[in-house]
Amino acid sequence: MNILRKFCCVFLSWTLFVFTFPVKMYAQEKINIAVLDMEGRGVSALEAATLTDRLRSEMVALGVFSLVERGQMEMILEEQGFQQTGCTSAECAVEVGKLLGVQKMVAGSIGKIGALYTVDVRMFDVTTGQIERVSKREHRGDIEGLIDLLVVVSRDLAGIKVEEEKEEVAVKEEKPKKKGRKWLLWTVLLAGVGGGAAYYLSTQVDEGLSPLLDPPDPPENP
């Protein structure tokens, strides 16, 4: 009976641990954050606002942030008589963050120099006013390429190491190539061995053949 009780106690303890530990481990509160419209330098205000909306969408897709929607943010700022246009400094971003009641604020700019686009984004802590994360990315080509670049920027703000992910993808892409080369090498090797074996057997059979003997004469009848 003592052994049975011990077994039941251990079983119940492990069951509670298994079902409660993942909840404690993975239940992480999302960061309340707001994103100011990025300043356009060499791009139109409409393009900068559109790209800012895309950045917001990418940040929400990560599941790390809880963002204040653009409409709600504009409504709160209008009630407070605050204009977010041109608000790119740390002091201004922190002030807006306090009005919105969020933990973090994101502000930045999109610039163009020739065919090169630059995206500079900073994330501020509203309580301390300090810059926590910075994302500086560049793109050479059409402005449409900035859409994919904003995916990288959102991960920078979330603290995800994009370079490591690229290396893992490169390794995964190289593996099938190496496997294909190995299969080709083995195929050629087996074909050569099989051909050599067939040739060897054919020569041995030809050398081992002997002319057929004449059949014996039938016995004479008495």
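Would you please give the residues with an amide H less than 5 Å from that of Arg41, counting only those at least 5 places away or on a separate chain, with H modeled from the backbone geometry?
Amide H to amide H, under 5 Å and 5 or more residues apart or across chains, Arg41 pairs with Ile110, Gly111, Lys112.
Kindly flag which residue pairs out of Lys30/Lys104; Lys30/Lys136; Lys98/Lys136 have an alpha-carbon separation exceeding 20 Å in this structure.
Long pairs (Cα-Cα over 20 Å): Lys30/Lys136; Lys98/Lys136.
In the stretch 27-160, what percentage of the DSSP-assigned beta bridges are antiparallel, given to the nearest 5? It would help to have the intermediate numbers written out before the result.
On the way: 19 of 28 bridges.
For the stretch 27-160, the DSSP antiparallel bridge percentage is about 70.
Can you give me the distance in nm between label points at Val134 and Ser89, each placed 7 Å from the Cα along the Cα-to-Cβ direction?
The modelled label-to-label distance comes out at 1.8 nm.
Bear in mind that the values in this text are calculations on the coordinates, not laboratory data. All values derive from a computational prediction rather than experimental measurement. As a convention, Cβ positions derive from the backbone with ideal geometry for all residues, glycine included, and neighbour counts pool all protein chains shown.
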